[in-house]
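S.K.: Dropping a structure here in structure tokens format, bear with me for questions.
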Amino acid sequence: MIIIMRSHVTDEEINAVKNKLKELDLEANISRGVERTIIGAIGEERSVHEESLQALSGVEDVIRVVKPYKIVAREWHKEDTIIDIKGMPLGGKKFQVIAGPCSVETQEQMDLAAKKVAAAGCNFMRAGAFKPRTSPYSFQGKGVEGLKMFRQAADKYNLPIITELMDVRYLDDFLKYKVDIIQIGTRNMQNFDLLKEVGKIHTPVILKRGLCATLSEWLMSAEYIAAGGNHNIILCERGVRTFEKAYRNMLDVTAIPVLKKETHLPVIVDPSHAGGKAELVPALSKAAIAAGADGLLIEMHPNPCEAWCDADQALAPDKLVNLMADMKGIVEVIGREF
Ligand code: PEP
Ligand code: MN
């Protein structure tokens, strides 16, 4: 940590900072310039809050030197993390596509959706049994019954399942139905108690980016899960809220290469919740691949017009087949496997 003191700082003020650092088990390295005095704090700074120093008299600024996250940082783990899900890798050279409807509706819809996901060549299936809806009057999901339908439909095609957990009280049901990847949605990215709970198990977790979360806040949320012992974390960029109304969210393509530099965790992209319109999904998917994403999470419904949730953004099965064919070339041209 570097503490920059105001000009005309007094010896008492410098001593007060020195004493505070001592209390925090940090050593002070004082460098007096003509205009400014700078104090280098040496030691483990992660547990120290900038505010505790910022509030001291004579302090102008406090700058962190090390990243606030540790386990998820590439600094600490150079190689890409590859998560094995039923023998299928997520992360590394292979590019993976997860597809499926926004929500579980009926057994027939799920059976048909699973058939279409497998036929398109996707290795994983998504669907929400518990839905985070803006309105309490909208369809809230089929709940535990939905998990059962999802498991039954996906098992026929050997597809690992991804579904969102919103409430820790349902974690046992998720384990009972052997959910292969637990999704922590955008609205719960900073639900720290939920993050701590999924940190205690070993089921892989897809952690979506919060509506307006910075990359550092997002990585700190991943660190919550990792700190509990679960290092099977996949980050999912799904667009952030802006002033623009022409699409649902703004896909932050820049976040992809930045995350790949900052963390060893796999990074996937959800073009469906970013664009909010099916017609935007192909372009956003291709942009994500080119930027270095490790996979995609795409909404596909066997009959989009009839979808109970997010009908506008669901791809029809034939559109998913076309997109898979178009993406193959891009994935391979950048030296990855499809
Ligand atoms: C979803 O994947 O269905 C979902 C609700 O996503 P998000 O949390 O990104 O809004
Ligand atoms: Mn959705």
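S.K.: Over 20 Å between Cα atoms, which of Lys156/Lys176; Lys148/Lys176; Lys115/Lys319; Lys277/Lys319; Lys78/Lys208 qualify?
M.R.: Details: Lys156/Lys176 18 Å; Lys148/Lys176 10 Å; Lys115/Lys319 15 Å; Lys277/Lys319 13 Å; Lys78/Lys208 23 Å.
Over 20 Å apart, Cα to Cα: Lys78/Lys208.
S.K.: Contact order normalised by length for the chain, with contacts defined as Cα pairs under 8 Å and 6 or more residues apart; what percent is it?
M.R.: Averaging sequence separation for qualifying contacts and normalising by length gives 16 percent for the chain.
S.K.: Summing Lys, Arg as +1 and Asp, Glu as -1, what charge do residues with Cβ under 12 Å from the Cβ of Asp84 carry, Asp84 excluded? Show your work: numbers first, answer last.
M.R.: On the way: positive: Lys86, Lys94; negative: Asp180.
After counting each charged neighbour, the total is +1.
S.K.: Cα axis of helix 281-291 to longest principal axis of the chain: angle in degrees, 0 to 90, nearest 10?
M.R.: Approximately 40 degrees, to the nearest ten.
S.K.: Where Lys and Arg each count +1 and Asp and Glu each count -1, what net charge lies around Ser52 among other residues with Cβ under 10 Å from its Cβ? Intermediate results must be reported in sequence, preceding the final value.
M.R.: Values: positive: Lys20; negative: Glu23, Glu50, Glu51.
It works out to a net charge of -2.
S.K.: Oh, and also: Work out the charge dipole of the chain with +1 on the Cβ of Lys and Arg and -1 on the Cβ of Asp and Glu about the Cα centre, then indicate which of Ala288, Ala213, Val333 is farthest towards its positive end.
M.R.: After comparing all options, I get Val333.
S.K.: Name the residue from Thr106, Asn191, Ser138 whose Cα lies farthest towards the positive end of the charge dipole of region 96-228, charges +1 on Cβ of Lys and Arg and -1 on Cβ of Asp and Glu.
M.R.: Thr106
S.K.: Rounded to the nearest 10 degrees, what's the angle between the helix 317-333 long axis and the longest principal axis of the chain, both from Cα atoms, 0 to 90?
M.R.: With both axes taken from Cα atoms, the answer is about 50 degrees.
S.K.: For the chain, give me every cysteine whose Cβ has no other Cys Cβ within less than 4.7 Å, ordered by residue number.
M.R.: Cys122, Cys212, Cys236, Cys305
S.K.: Mind grabbing the base-10 log of I(q)/I(0) for region 256-330 at q = 0.13, 0.18 Å⁻¹? Debye formula, identical points on the C-alpha positions, no solvent, two decimal places.
M.R.: Cα-only, vacuum Debye calculation for region 256-330: -0.39, -0.69.
S.K.: Would you please give the residues with an amide H less than 5 Å from that of Cys236, counting only those at least 5 places away or on a separate chain, with H modeled from the backbone geometry?
M.R.: Leu207, Lys208, Arg209, Ile268
S.K.: Restricting to bridges with both residues inside the chain, how much of the DSSP beta-bridge set is antiparallel, in percent to the nearest 5?
M.R.: Working: 18 of 45 bridges.
Antiparallel bridges: around 40 percent, rounded to the nearest 5.
S.K.: Further, regarding this structure: About the Cα centre of region 256-337, what is the dipole size in debye to 20, counting +1 per Lys and Arg Cβ and -1 per Asp and Glu Cβ, all else neutral? Before the final figure, lay out the partial values.
M.R.: Details: 7 positive and 12 negative charges, 68 e Å.
Rounded to the nearest 20 debye, it is 320 debye.
S.K.: Additional query: Please work out whether region 70-209 counts as rounded, prolate or oblate from its C-alpha gyration tensor, where a ≥ b ≥ c are the square roots of the eigenvalues and a/c under 1.5 means rounded, while otherwise a/b larger than b/c means prolate and anything else oblate?
M.R.: oblate
S.K.: Let me ask something else. Report, in debye and to the nearest 20, how large the dipole of the chain comes out about its Cα centre when Lys and Arg carry +1 and Asp and Glu carry -1 on their Cβ. Don't skip to the answer; put the middle values down first.
M.R.: Numbers: 43 positive and 46 negative charges, 139 e Å.
Using Cβ point charges on Lys, Arg, Asp and Glu, the chain gives about 660 debye.
S.K.: Choose one answer from Lys18, Lys178, Lys208: the residue with the largest mean-square fluctuation in a GNM of the chain with alpha-carbon springs under 10 Å.
M.R.: Comparing Lys18, Lys178, Lys208 in the GNM, the peak value goes to Lys18.
S.K.: Taking a ≥ b ≥ c as the square roots of the Cα gyration tensor eigenvalues, with a/c under 1.5 meaning rounded and otherwise prolate when a/b beats b/c, else oblate, which class fits the chain? Working shown, then result.
M.R.: Values: a/c = 2.39, a/b = 2.15, b/c = 1.11.
Prolate.
S.K.: Please list, or write none, the aspartates and glutamates whose alpha carbon is within less than 19 Å of the alpha carbon of Lys200, excluding same-chain residues fewer than 8 places away.
M.R.: Once the sequence-local aspartates and glutamates are set aside, what remains near Lys200 is Asp84, Glu164, Asp167, Asp172, Asp173, Asp180, Glu223.
S.K.: How far apart, in nm, are two points set 7 Å out from the Cα along the Cα-to-Cβ line at Ile2 and at Glu44?
M.R.: 2.5
S.K.: Quick one: P(r) of region 2-63 from all Cα-Cα pairs, 5 Å bins, percents rounded to integers, in order of increasing distance.
M.R.: 4, 20, 36, 26, 10, 3, 0
S.K.: At a 10 Å Cβ-Cβ cut-off, how would you order Cys102, Cys212, fewest neighbours first? Present the calculation step by step, with values, prior to reporting the outcome.
M.R.: Numbers: Cys102 24, Cys212 11.
Lowest to highest Cβ neighbour count: Cys212, Cys102.
S.K.: Can you tell me the orientation of helix 144-155 relative to the chain, as the angle in degrees between its alpha-carbon axis and the longest Cα principal axis, to the nearest 10?
M.R.: The two axes meet at around 70 degrees.
S.K.: What is the percent of Cα-Cα separations in region 40-108 that go past 19 Å?
M.R.: Values: 1490 of 2346 pairs.
Cα-Cα pairs of region 40-108 separated by over 19 Å account for 64 percent.
S.K.: Describe numerically, in nm with one decimal, the distance between label points set 7 Å from Cα along Cα→Cβ at Glu12 and at Gln107.
M.R.: 8.0
S.K.: Further question on the same structure: With a cut-off of 15 Å, note down the residues of region 271-293 whose backbone N falls inside the zone around a label point 7 Å from the Cα of Val333 toward its beta carbon.
M.R.: Only 283-292 pass the distance filter.
S.K.: Taking the Cα centre of region 129-236 as the origin, how large is its charge dipole in debye, to the nearest 20, when only Lys and Arg (+1) and Asp and Glu (-1) carry charge on their Cβ atoms? Don't skip to the end; give the middle numbers.
M.R.: On the way: 14 positive and 11 negative charges, 61 e Å.
Here region 129-236 has a charge dipole of around 300 debye.
S.K.: Something else about it: Once the other residues with Cβ under 9 Å from the Cβ of Ala227 are scored (Lys, Arg +1; Asp, Glu -1), what is the net sum? Write down the numbers at each step before the final one.
M.R.: On the way: positive: Lys70, Lys196; negative: Glu223.
So the surrounding residues net to +1.
Read-outs: derived from the displayed coordinates by stated rules, not from any lab. The structure presented is a predicted model; accordingly, all values stated were derived computationally and were not measured. Reconstructed Cβ throughout: ideal geometry from the backbone, glycine too, with neighbour counts over all protein chains shown.
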